Amino acid sequence: MTTWALGVLVLVMVAIPIVLASLRKLPSRRTSPYALELMGQLSLGPRERVVLVRADDRVLVLGVTQHQVTLINQLDNLPQATLSAQPLPPTAGFAHLLRETLSSYTGRRA
């Protein structure tokens, strides 16, 4: 190997970590003001489930199968405090989360 080729190889090996580090510091294109958050899910079968998705001030109740996604219900204008992601007790599951979300939307206990 010539001295020139060895110098180029060392330069490339030094440049790769520098470029990767600078790319990590750039803002991600994936950040969006319309971010979605999966709040919970309940499996109904091997490939079917019901999911709660938060989008801004809405909660979407979706039915998800292998081939399609169906909007079951849309809860609008929920207060942000209702939508805050608070840890649930270990025994609380999707049914509890769905019940609490629906009761805060309707204003009564389910």
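The values are calculated or read from the model by the stated rules, or taken from the named source; none is laboratory data. If you're wondering where the values come from, they're calculated on a predicted model, not measured in any experiment. Remember, those area values only see protein heavy atoms, side chains included, never the ligands or the DNA or RNA. Shrake-Rupley method; radii C 1.70, N 1.55, O 1.52, S 1.80 Å.
Here are the numbers for the structure shown:
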read-out: Matching residues in region 41-61 - criterion: being among the small types (Gly, Ala, Ser), assigned to a strand (DSSP E or B) and either modelled with pLDDT of 85 or more or open to solvent by 60 Å² or more (accessible area, probe 1.4 Å) (or both); value: Ser43
read-out: Some residue of region 66-73 being open to solvent by less than 70 Å² (accessible area, probe 1.4 Å) and modelled with pLDDT of 85 or more; value: yes
